[in-house]
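The values are calculated or read from the model by the stated rules, or taken from the named source; none is laboratory data. None of the values given here were measured: they were computed from a predicted structure. Virtual Cβ from ideal backbone geometry, glycine too; neighbours counted across all protein chains shown. Calculation scope for accessible area: heavy atoms of the full protein, side chains included, ligands and nucleic acids excluded. Shrake-Rupley method; radii C 1.70, N 1.55, O 1.52, S 1.80 Å.
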Amino acid sequence: QVQVVESGGGSVQAGGSLRLSCAASGRTLSTNVMGWFRQAPGKEREFVALISRSGGMPRYGDSVKGRFTISRDNAKDTVYLQMNSLNPEDTAVYYCAAKVGGTYSVFAPDYRYWGQGTQVTVSS
């Protein structure tokens, strides 16, 4: 089992920044790929970013490319999402997820372990 806990959400004005953290515990060595997803009210869960255990070749959703950066600290079993140039369309609950195995995936059902989510609200 792997437990995943997000933190760092909050409210910010458009153009501002936030950094989300995702702490994993348990059998973390089985979770090579870590991802961030988000879900706004009335919308489907959307892929935001993913990163492998090595940290190489992160992937981003089209709507966040150039603004968000995913990183990880394996010594702390923690993944980060630095979000810059935020706009109201970024308002959502952000979820961290852990995928068993090393294959990259942008599809939420491929991720086994999920956190409870953290709210990000961007005002104009």
Going through (1) open to solvent by less than 20 Å² (accessible area, probe 1.4 Å); (2) not in a strand (DSSP E or B) one by one, VAL79 fails only at (2)
Examine the range 61-73 for a residue that is open to solvent by less than 50 Å² (accessible area, probe 1.4 Å), within 13 Å of VAL120 (Cβ to Cβ) and β-branched (Val, Ile, Thr), and state whether such a residue exists.
yes
Result of the Cβ filter at 8 Å on the range 56-80, keeping first residues that are under 22 Å from ALA23 (Cα atoms) and basic (Lys, Arg) and partners that are in a strand (DSSP E or B) and open to solvent by 40 Å² or more (accessible area, probe 1.4 Å), at least 6 apart or interchain, is LYS76/ALA23
Consider ARG72 carefully, then state whether it is in contact with a Gly (Cβ under 7 Å, 6 or more places away or on another chain) and of a type outside the set (Val, Ile, Thr). yes
Within the range 92-104, is even one residue outside any strand (DSSP E or B) and within 13 Å of TRP36 (Cα to Cα)? yes
_Considering only the range 39-60, I want to know if a residue exists there that is basic (Lys, Arg), touching a strand residue (DSSP E or B) at 6+ places or on another chain (Cβ under 7 Å), modelled with pLDDT of 95 or more and farther than 12 Å from VAL120 by Cβ._
yes
By residue number, the members of the range 82-91 that are part of a loop (DSSP other than H, G, I, E, B) and open to solvent by 50 Å² or more (accessible area, probe 1.4 Å) are ASN84, SER85
Filter the range 94-104 for residues that are among the hydroxyl-bearing types (Ser, Thr, Tyr) and at pLDDT below 95; the one that is nearest to VAL12 (Cα to Cα) is TYR104
A careful count of residues in the range 1-38 that are more than 11 Å from THR78 (Cβ to Cβ), modelled with pLDDT under 95, part of a strand (DSSP E or B) and of a type in the set (A, V, I, L, M, F, W, C) gives 2
